[in-house]
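Asks: I have a structure here, written as structure tokens, and I will follow up with some questions on it.
The values are calculated or read from the model by the stated rules, or taken from the named source; none is laboratory data. The structure displayed is predicted, hence computed values, not measured ones. Please note: Cβ atoms are built from the backbone with ideal geometry, for glycine as well, and neighbour counts cover all protein chains shown. Only protein heavy atoms, including side chains, enter the accessible area calculation; ligands, DNA and RNA are left aside. Shrake-Rupley method; radii C 1.70, N 1.55, O 1.52, S 1.80 Å.
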Amino acid sequence: MGGRELVLATYLAPCLQPFYEFVATRVGEELDRPTRLIVGESLDQVRNAEVDFAFLCGLPYVRLRRENPAAAEAIAAPIVKGARYDNRPVYFSDVIVPANSPVAEFGDLRRRSWAFNEPDSHSGYLITLATLVEMAETPAFFERWEMTGFHEESIRKVATAQVEGSAVDSHVLGVEMRDHPELADRIRVICALGPSTIQPLVATAAVPASLRQDVTDIVTGLGTTETDRRSLSAGMIERFVAIDDSAYADIRSKLEAVEAAGFTLDA
């Protein structure tokens, strides 16, 4: 096909970057045109169509769509390996505590310290606030909130008992537990929030409809070769499926509930 270089951006956890590199490479191979994956620095890159495609958390996705429906369109999403995902494009926010913590359930975290990755995260922040709304609580439920920057850092803060709890992306936690088995003796999952629709691959306004469809077909077709299957497995992914904006109604609902409660989504 040829053409200008396509730029894909990832705004997701660093431990998953090799997987997104694989996806970007395969898109380029199938389209026969140069592609490049970058680490997103600002959502303005999506908002202003400075990148073509992005792996994006569901919360900023629904916010961008609220600002301007043409800014981003969800086209595909991964299915994570494991029975708990029920062959659906969903994930969980696993609530973790130090292994020796007396905390047994979410309510036991009252007046304890809490780590979150960033305020633009559904799995690390919004869903926690939505859970507090459902409990008729406020953010003062926790004695202290500490922003860590990444789920991986939240996991390490809990593992070293620098904080007493955190909600982390179950996909990221699975990869981290596999790659760092020593964590099994240092943290404990007490419950899961969700499931929630998993982070989408989105097309920006820079991408014509025909190319959006081509990339959707390529991504959802990954896994037909042994090399593809190995790369998918390394990312703990079964496959991608086509998806559209309506799938993110669950995240929109939680965002609306948190906003209605008057909670701020800033750190």
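Asks: Do you know which of the residues in region 137-160 that are assigned to a helix (DSSP H, G or I) and acidic (Asp, Glu) is farthest from Met236 (Cα to Cα)?
Replies: The first filter runs over region 137-160 and keeps only residues assigned to a helix (DSSP H, G or I), leaving 139-141, 151-159.
If we keep only those that are acidic (Asp, Glu) as well, we get 152-153.
On the way: Glu152: 16, Glu153: 20 Å.
For region 137-160, the residue satisfying everything is Glu153.
Asks: Please pick out the residue among Val163, Val168 that is out of contact with any Pro (no Cβ under 7 Å at 6 or more places or on another chain), part of a loop (DSSP other than H, G, I, E, B) and either of a type in the set (D, E, K, R) or open to solvent by less than 50 Å² (accessible area, probe 1.4 Å) (or both).
Replies: Exactly one residue qualifies, and that residue is Val163.
Asks: Filter region 186-199 for residues that are out of contact with any Phe, Trp or Tyr (no Cβ under 7 Å at 6 or more places or on another chain) and not hydrophobic (A, V, I, L, M, F, W, C); which is least open to solvent (accessible area, probe 1.4 Å)?
Replies: Arg188
Asks: If you don't mind, another one. Quick test for you: out of Ile79, Ile38, pick the one residue that is touching a strand residue (DSSP E or B) at 6+ places or on another chain (Cβ under 6 Å), open to solvent by 20 Å² or more (accessible area, probe 1.4 Å) and either of a type in the set (Val, Ile, Thr) or in a helix (DSSP H, G or I) (or both).
Replies: Ile38
Asks: Just to be sure before I move on: is Val258 at pLDDT 95 or above, within 23 Å of Ser42 (Cα to Cα), of a type outside the set (D, E, K, R) and crowded, with 17+ Cβ neighbours inside 10 Å in the structure I sent?
Replies: no
Asks: Among the residues that make up region 200-208, is at least one of them of a type outside the set (Lys, Arg), under 25 Å from Trp145 (Cα atoms) and surrounded by fewer than 21 Cβ atoms within 10 Å (Cβ to Cβ)?
Replies: Within region 200-208, not a single residue is of a type outside the set (Lys, Arg), under 25 Å from Trp145 (Cα atoms) and surrounded by fewer than 21 Cβ atoms within 10 Å (Cβ to Cβ).
Asks: Only one of these conditions is not met by Arg65: (1) in contact (Cβ under 8 Å) with a residue 24 or more places away in the chain; (2) crowded, with 19+ Cβ neighbours inside 10 Å; (3) in a helix (DSSP H, G or I). Which number is it?
Replies: Checking Arg65 against (1) in contact (Cβ under 8 Å) with a residue 24 or more places away in the chain; (2) crowded, with 19+ Cβ neighbours inside 10 Å; (3) in a helix (DSSP H, G or I), the one that fails is (2).
Asks: Which one of these does Val219 not meet: (1) out of contact with any Phe, Trp or Tyr (no Cβ under 7 Å at 6 or more places or on another chain); (2) of a type in the set (A, V, I, L, M, F, W, C); (3) assigned to a helix (DSSP H, G or I); (4) surrounded by 15 or more Cβ atoms within 10 Å (Cβ to Cβ)?
Replies: (1)
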